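Bear in mind that the values in this text are calculations on the coordinates, not laboratory data. Remember, it's a predicted structure, so these values are computed and weren't measured experimentally. Backbone-built Cβ (ideal geometry, glycine too); neighbour counts: all protein chains shown.
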Amino acid sequence: MKFLSKKLYSFRYLLVLTLLLVIARSYAQTTGTPPLSSPRIDRVEKPYTAAEAAILSPRERNGEVLGVWSTCANAPRLCNAWLEFTDYLLRESSLPIRDRELLILRIGYLNQGAYEWAAHRGLALSVGISEDELKDITIGSSADSWSEWDSALLKAAEELHEAALVSEETWATLSRQYDKRQMMEVVFTVGQYNLVAMYLNSLGVQFEEDWIGFPIE
């Protein structure tokens, strides 16, 4: 009888311990992380070749280069071609920065691009996107909090992700404020950051220190 009692106690102890571990893991995993736990292609490290240095030295900050750049530098000619377009969208785009970041974060989330999200999170907050709005971006255009304009921007990213086509309704809403160039930049921005998510996810680019991914409910 005493043996059965000890056995039952041990079983209950293991059961409780297992439940506590499950709960702890669920609380610990509150933000998204890169889908691969390690890189498939390593970052380029110093000493750089001349071609690598031409790409990475101008992007170095406090002796560090972001993985999105240092991984790309494994293929310098490809990287240079891509960076010209990337730099245009980040520096010369005619879209309001807040609008652009809504598009980037939505397509990033739809692709589970945690690195992409984390890279743009700070900028999004700095241009007026709140923490609550970051959560609502994960819900999408159907969230009740959005204005008609913000909802249309998010909807454009969703439609391009789903069907590679902005609907007539969404196009009409956005074209009431945007000119031809800006309408084109909506499509090109979503397309670019769709590519970026594919690149970062598939090559296994890992977070920088203290980065925060998209919220997980």
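Observations
- Relative contact order computed over the chain (Cα-Cα under 8 Å; 6+ residues apart), in percent: 34 percent
- Packing-based exposure ordering (other Cβ within 10 Å, fewest first) of L174, L36: L36, L174
- Taking a ≥ b ≥ c as the square roots of the eigenvalues of the alpha-carbon gyration tensor, region 90-203 is classed rounded because a/c is under 1.5.
- Estimated inter-spin distance, T30 and H161, nm [label 7 Å along Cα→Cβ]: 2.3 nm
- With θ taken as phi - 60° and the Karplus curve 6.51 cos²θ - 1.76 cosθ + 1.60 applied, the whole-hertz 3J(HN,Hα) list for region 140-149 is x, 5, 7, 4, 5, 6, 7, 5, 4, 5 Hz, x standing for glycine and proline.
- Among S151, S130, the order by Cβ neighbours within 10 angstrom, fewest to most, reads S130, S151.
- Region 93-157 shape via C-alpha gyration tensor axes, a/c threshold 1.5: rounded
- Rounded if a/c under 1.5, otherwise prolate or oblate - region 44-107, Cα gyration tensor axes: prolate
- Cβ-to-Cβ counts within 10 Å put E101, E217 in ascending order as E217, E101, the fewest first.
- Two-site label geometry, D87 and E217: point separation in nm, points 7 Å out along Cα→Cβ: 4.2 nm
- Taking amide hydrogens as placed 1.01 Å from N in the peptide plane, the amide H of G213 sits under 5 Å from those of G32, each at least 5 positions away in sequence or on another chain.
- Candidate values [x] 120, 41, 24; [y] 44, 35, 33; [z] 83, 51, 30, label of the one derived for Cα extents along the principal axes in Å: [z]
- Karplus-derived 3J(HN,Hα) values for region 184-193, using 6.51 cos²θ - 1.76 cosθ + 1.60 with θ = phi - 60°, are 5, 5, 4, 5, 5, 5, 5, x, 4, 7 Hz; glycine and proline are entered as x.
- For region 90-203, averaging the sequence separation of C-alpha pairs within contact (under 8 Å, six or more residues apart) and dividing by the residue count gives a relative contact order of 37 percent.
- Inter-part distance, region 83-113 to region 26-67, computed on C-alpha centroids, equals 19 Å.
- Computed from backbone phi, the HN-Hα couplings of region 89-105 come to 5, 7, 10, 10, 4, 8, 6, x, 4, 4, 4, 4, 5, 4, 4, 5, 5 Hz, rounded to whole numbers (Karplus: 6.51 cos²θ - 1.76 cosθ + 1.60, θ = phi - 60°; Gly and Pro given as x).
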